[in-house]
Amino acid sequence: MVEELLFFMEVLVGGLLAGTMYSLVALGFVLIFKASATFNFSQGAMVFFSVLAFCGFMQDFNIPFVLAFILAALLMVVVGLCTERFVLRPLMNASEDTVLMATIGLGYVLEGLAQAAWGVEVRRLDLGIGDFPVPWIADNLKLFISALDITAGLVAAIMIIGLFLLFKYTKIGLGLRAVADDAGAASSIGIPLKHIMLLVWSAAGVVALVAGCMWGARAGVQFALVDLALKALPVLIIGGFSSIPGAIIGGLIIGAVEKVLEVYIGPFFGGAIEGWAPYVLAIFFLLYRPEGLFGEKIIRRV
Amino acid sequence: MMKPVFMTYTKKDLINLAVCMVLSVLVIPTFITTEYWYTSILIPWLCLALATIGQQIVMGYTGQLALGAAGFMAAGAFAMFNLILRVPDLGFVGSLIVSGLIAAAFGILFGLPSLKVRGIYLMVATLASQFFIIWMIDKFGWFKNYDSSGIITAQDIVILGKPFTTPLAMYFVCLAVTTVLTLLAMNMARGSTGRNWMAVRDMDIAAESMGVSLLRTKVQAFAISAFYCGVAGALFAFCYLKSLEPVAFDIKLSFKILFMCILGGLGTINGAFIGAAFILLFPVLLNAIGNNVFHGAIDATIISSIEQVIFGGLMIIFMIYEPLGMAKLWENIKQKWKTKIPSSTNLKSFGKKT
């Protein structure tokens, strides 16, 4: 009995921590949606692009770890700059579905560029954090929890707190919130829309880089990251598109539910149900609470 | 309940149809003799164009952002395999129709969330269908007739006792199915069915207040769309791939069909054909350039990456400058041509009911 309970705890905690990885991807999504009401479908591609660039800098040019990270972050700022200038600004007055489709195109461009520049083979990314159970926890609590999972959880927590403080207490955050509320009114009182957009896209790029490092250390830096990042979409639906805590809670729910289902129900169906379980869960949420747990109620004007 | 209205064809339509038929039935088989063109370009073009029409119906005409065309194609393809295997009396055409209907049932099931949500929310809901259908086929051996290798060879096409196994014969099978379904789609799009779809697309609340049933219209659009995708998937597997494996119908194919639909032109039937042709032929062209101009100096993976960049770039450019895609571009060119040279036929038809 105790062992079963321990096993369940292990599955649950593992799922929750793995869920923070989805949260990290979803976070970039929320940042952009909050500031510009744009569904950035290319967030997954940004994850892939940034971490492949990071690996490329480190492995092809032998640039040290920290410098490579900074370079990759700068590259994401450049991507944000180009996106703002060449995609978002011309589509300022387009409908949200049009912008969404343009970001699908942007995702394709980023994936293609990354592969053209750094090749298609799977790269190993070593962060110096092993993906194996932490001995101390295994000995004392009898739970096998990977060090990488714990790191991902910590990194996610730090980023959330940082972003929360940024949004709540700084002038930039105030500007961001103003733009999110009403872009037209915000620009009429002198908030530079261009800079805000650039800032948000760069921040989303850096978040993508961090998420990519976590994913890359676990599964290798490869194209499949884009598909994994798609799972951020059900996370967003559960948490709400415009809520940072929502992204976290949504990620935790998805991570926990898919692991528990996979371990306890999966074997009856030949496994691999975690491929679709998050999406079906998202459908149930859509039917009962379309705005997500923390989202604002969707009001459409006729 | 309104009775569906069918439109009569105008003279222009009949001329267009005649030209297309002459081109596809007489000109192409006489002038194209290499098998490569049939097996690698014409057959997949027709199949994917058919699937793109399905995507058009739900996305272009009804305005519902769906991203699961490949899932329905897989449902159609595997339904076809099982029908031919287990119900041989049905024949090829019968199996094709029934497999389309099975795909349509999935379409109804996964289209139901569209009643509640729209935009990216719906996209996520339709992604569920994509992943779920592929997983189901993959995990339940019955669908694959307990074949352990994972790749099943498709049965030969036999219609009325005659085998259709040469590339040319398969081309004609695809052509016949595509022609019938395209005409049907055009008619639906122009008739009351399509009017309802477009009313829902343009403003669902206004449409509802005018007596268009949202439930009926949306579910109908999803069902018909999935039917088209299912038939297309069956043809795709039996005439083009000649094998069945769930991996062939992954999310990448769904994205490809989405691109065909958007680049070709949302809300147009001919856009489906233009878009499918473009997405299929462009990589062929790029590879030809890579091989002939640079003599293979550029790696094939780089070429495919460049192709991806160009598709994505085009998507952005079209969204900015011409959200209605290549079909609209073509329309604009025709319009310019007409205003430059005002022909007498143009003046005569002025004021006439068309």
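The values are calculated or read from the model by the stated rules, or taken from the named source; none is laboratory data. These numbers were taken from a predicted model, which means no experiment stands behind them. Neighbour counts are summed over all protein chains in view; Cβ atoms, including those assigned to glycine, are modelled from backbone coordinates with ideal geometry. Side chains are part of the model used for accessible areas, which takes the heavy atoms of the whole protein and leaves out ligands, DNA and RNA. Shrake-Rupley method; radii C 1.70, N 1.55, O 1.52, S 1.80 Å.
Yes or no, residue by residue, for (1) assigned to a helix (DSSP H, G or I); (2) within 26 Å of A:T98 (Cα to Cα); (3) of a type outside the set (K, R); (4) at the interface with chain A (Cβ under 9 Å from one of its Cβ atoms):
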position: B:M73; (1), (2), (3), (4): yes, yes, yes, no
position: B:L83; (1), (2), (3), (4): yes, no, yes, no
position: B:L90; (1), (2), (3), (4): yes, no, yes, no
position: B:L96; (1), (2), (3), (4): yes, no, yes, no
position: B:M123; (1), (2), (3), (4): yes, yes, yes, yes
position: B:S149; (1), (2), (3), (4): no, no, yes, no
Identify, from the list A:E84, A:E96, the residue that is closer than 16 Å to A:A183 by Cα and surrounded by 19 or more Cβ atoms within 10 Å (Cβ to Cβ). A:E84
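Being open to solvent by 10 Å² or more (accessible area, probe 1.4 Å) and over 17 Å from the mean Cα position of the chain (by Cα) narrows it down to one residue among A:L228, A:L261; which is it?
Values: A:L228 fails: over 17 Å from the mean Cα position of the chain (by Cα).
The conditions single out A:L261.
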Within the stretch B:311-320, take every residue that is facing chain A (nearest Cβ under 8 Å) and surrounded by fewer than 19 Cβ atoms within 10 Å (Cβ to Cβ) and give me the one that is farthest from the chain's Cα centre (by Cα). B:I320
Output yes when any residue across the stretch A:238-248 is more than 30 Å from B:M203 (Cα to Cα), more than 14 Å from every other protein chain (Cβ to nearest Cβ) and open to solvent by 20 Å² or more (accessible area, probe 1.4 Å), and no when none is. yes
Would you please name the residue that is surrounded by the most Cβ atoms within 10 Å (Cβ to Cβ), looking only at residues in the stretch A:119-135 that are touching a residue at least 40 places away in the same chain (Cβ under 8 Å) and in contact with a Phe, Trp or Tyr (Cβ under 9 Å, 6 or more places away or on another chain)? A:L125
May I ask you to list the residues in the stretch B:239-258 that are more than 17 Å from A:W276 (Cα to Cα), at pLDDT below 90 and among the aliphatic types (A, V, I, L, M)? B:L241, B:L244, B:A248
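Would you say A:L230 is away from every other protein chain (no Cβ under 12 Å) and at pLDDT 80 or above? Spell out how you get there, then give the answer.
On the way: away from every other protein chain (no Cβ under 12 Å): no; at pLDDT 80 or above: yes.
So A:L230 fails the test.
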Looking at (1) out of contact with any helix residue (DSSP H, G or I) (no Cβ under 7 Å at 6 or more places or on another chain); (2) touching a residue at least 40 places away in the same chain (Cβ under 8 Å); (3) more than 20 Å from B:D202 (Cα to Cα), which one does B:M123 not meet, given that it meets all the others? (3)
Could we say that B:D299 is within 14 Å of chain A (Cβ to nearest Cβ), in contact (Cβ under 8 Å) with a residue 12 or more places away in the chain and surrounded by fewer than 19 Cβ atoms within 10 Å (Cβ to Cβ) here? no
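Matching residues to (1) of a type in the set (F, W, Y); (2) open to solvent by 10 Å² or more (accessible area, probe 1.4 Å); (3) touching a Cys at 6+ places or on another chain (Cβ under 8 Å):
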| site | (1), (2), (3) |
| --- | --- |
| B:M21 | no, yes, no |
| B:S24 | no, yes, no |
| B:E35 | no, yes, no |
| B:A49 | no, no, no |
| B:Q55 | no, no, yes |
| B:V58 | no, no, no |
| B:A69 | no, no, yes |
Checked against (1) under 13 Å from the mean Cα position of the chain (by Cα); (2) open to solvent by less than 30 Å² (accessible area, probe 1.4 Å), A:V221 satisfies every condition except (1)
